[in-house]
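So the structure is just underneath, and the comments pick up after that.
The values are calculated or read from the model by the stated rules, or taken from the named source; none is laboratory data. This one's a predicted model, so the numbers in the text were calculated from it and none came from an experiment. FYI the Cβ positions are ideal-geometry reconstructions off the backbone, even for glycines, and counts take in every protein chain you see. Only protein heavy atoms, including side chains, enter the accessible area calculation; ligands, DNA and RNA are left aside. Shrake-Rupley method; radii C 1.70, N 1.55, O 1.52, S 1.80 Å.
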Amino acid sequence: MRIIESVSGMQAAADELRASGRKIGLVPTMGYLHEGHLELMRAAAKQADVVVASIFVNPTQFGPGEDLDRYPRDFDGDVRKAGGAGVEVIFAPTAEEMYPPGFQTKVRVERVTKHLCGLSRPVHFEGVTTVVCKLFNCVKPDVAVFGEKDFQQLVVIERMVIDLNMEVRIVGVPVQREPDGLAMSSRNAYLNAEERRSALSLFKSLELARRLYNGGERDARVIRDAVIGLISSHPFTSVDYVEVCDPVSLEAVDVLKGRTLLALAVNVGRTRLIDNCTLGG
Ligand code: AMP
């Protein structure tokens with residue numbers, strides 16, 4: 001396992017790997033790795049000859065008052081887990097290395113960032129696209145792997161790669177869940193026992209939506225209301241959004257036709273959790 005902290009060191013390592021004919025797979029993460037991240041790393045190992053995982057808690061994708069300061073970290077544990085999942089190189093720059101004095105450039109994707117999480121986190125996706133663009137320029141990957149857990153992020157990155165003619169293939173991996181259905185997330189570590197029980201309402205509401213859909217329901221409002229009703233009946237929950245939308249444009253739909261995305265964000269206590277599923281198609 002190689003651990004690289006500098007941009008120039010990472011670029012030199014990437015050049016060497018590419019010169020030796022090895023295809024590079026990148027898995028960008030903010031660390032505190034769980035099985036969901038490791039599944040992305042295993043997927044990358046199938047698609048590339050060498051897997052690079054980045055571990056970087058990117059300050060620019062957190063808004064004021066969000067959890068940047070308390071975001072969980074466990075670098076030694078991360079190195080061990082990533083090694084077990086086939087990662088050969090960890091790129092772990094500091095914030096100063098990524099954003100040195102004088103830094104002033106941003107990458108912004110327009111329309112698909114305006115929906116869902118973009119409404120309550122207005123600077124989030126600009127931070128994500130800027131850092132992912134920088135990571136691509138540091139690691140020079142042939143393929144980059146992202147989780148469908150952050151469905152909107154995946155859509156935004158795919159848009160950026162097309163629009164900016166980036167030569168990297170984007171691969172999505174399905175949401176990885178705990179045995180009871182809760183989507184794995186580094187932020188689950190914030191939940192106390194009661195909140196953890198209420199957090200299961202997100203998955204239960206997706207299952208309810210799927211049952212309604214399979215029973216023939218196609219009215220987005222009926223599905224949305226049922227999801228909101230189920231989540232709101234659990235203590236400590238406050239719904240940020242529940243949207244039924246097109247999985248490419250992320251625009252809300254009234255009637256479900258073809259493949260449709262059901263996406264939601266819910267505060268459970270002080271912890272903001274997201275989840276989603278697709279219906280039909
Ligand atoms: P994060 O460290 O939260 O920024 O996540 C890094 C990558 O792991 C992103 O592409 C996420 O979508 C992905 N990821 C996080 N949790 C999961 C999960 N439960 N299932 C699939 N992918 C995930």
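Residues in segment 238-277 that are closer than 18 Å to Ser120 by Cβ, of a type in the set (S, T, N, Q) and surrounded by 20 or more Cβ atoms within 10 Å (Cβ to Cβ): Asn276 only. Cβ-Cβ below 7 Å, separation at least six or inter-chain, first residue in segment 131-151 and more than 22 Å from Leu264 (Cα to Cα) and away from the ligand (no atom under 13 Å from the Cβ), second among the charged types (D, E, K, R) and assigned to a helix (DSSP H, G or I): which pairs? Between residues of segment 131-151 that are more than 22 Å from Leu264 (Cα to Cα) and away from the ligand (no atom under 13 Å from the Cβ) and residues that are among the charged types (D, E, K, R) and assigned to a helix (DSSP H, G or I), the close pairs are Lys140/Arg18.
For the subset of segment 159-187 comprising residues that are within 12 Å of the ligand (Cβ to nearest atom) and free of Cβ contacts under 8 Å to residues at least 40 places away in the same chain, which member is farthest from Met30 (Cα to Cα)?
Taking segment 159-187 first, the residues within 12 Å of the ligand (Cβ to nearest atom) are 170-178, 181-187.
Remaining after also requiring free of Cβ contacts under 8 Å to residues at least 40 places away in the same chain: 170, 172, 174, 177-178, 181-182.
Working: Ile170: 18, Gly172: 17, Pro174: 18, Arg177: 18, Glu178: 19, Gly181: 22, Leu182: 20 Å.
For segment 159-187, the residue satisfying everything is Gly181.
Does Phe75 satisfy the criteria of being of a type outside the set (Ser, Thr, Tyr) and open to solvent by 50 Å² or more (accessible area, probe 1.4 Å)? Judged against the criteria, Phe75 is a match. Meeting the requirement of 2 or more residues that are closer than 20 Å to Val168 by Cα and out of contact with any Gly (no Cβ under 7 Å at 6 or more places or on another chain), the strands (runs of 3 or more DSSP E) wholly within segment 1-58 are 24-29, 50-55.
Are any residues in segment 198-223 free of Cβ contacts under 8 Å to residues at least 24 places away in the same chain and basic (Lys, Arg), and if so, which ones? Scanning segment 198-223 gives a single hit, Arg211. Only residues that are touching a residue at least 40 places away in the same chain (Cβ under 8 Å) and in a helix (DSSP H, G or I) were counted in segment 110-124, giving 7.
Output the number of residues of segment 18-44 satisfying the condition of being of a type outside the set (Lys, Arg), more than 15 Å from the ligand (Cβ to nearest atom), on the phi < 0 side of the Ramachandran plot and surrounded by fewer than 20 Cβ atoms within 10 Å (Cβ to Cβ). First the steps, then the outcome.
Taking segment 18-44 first, the residues of a type outside the set (Lys, Arg) are 19-21, 24-41, 43-44.
When the remaining residues are screened for being more than 15 Å from the ligand (Cβ to nearest atom), the result is 19-21, 24.
Now restrict to residues that are on the phi < 0 side of the Ramachandran plot: 19-20, 24.
With surrounded by fewer than 20 Cβ atoms within 10 Å (Cβ to Cβ) added as a condition, the list becomes 19-20.
Qualifying residue count for the region: 2.
Here is a yes/no grid of residues against (1) within 15 Å of the ligand (Cβ to nearest atom); (2) under 28 Å from Pro122 (Cβ atoms); (3) at pLDDT 95 or above:
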{"residue": "Arg2", "(1), (2), (3)": "no, no, yes"}
{"residue": "Ala12", "(1), (2), (3)": "no, no, yes"}
{"residue": "Lys46", "(1), (2), (3)": "no, no, yes"}
{"residue": "Phe56", "(1), (2), (3)": "yes, yes, yes"}
{"residue": "Glu88", "(1), (2), (3)": "no, no, yes"}
{"residue": "Gly102", "(1), (2), (3)": "no, yes, yes"}
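Checked against the criterion of being closer than 30 Å to Val242 by Cα, open to solvent by less than 20 Å² (accessible area, probe 1.4 Å) and touching a strand residue (DSSP E or B) at 6+ places or on another chain (Cβ under 7 Å), the candidates Leu116, Leu135 yield just one match: Leu116.
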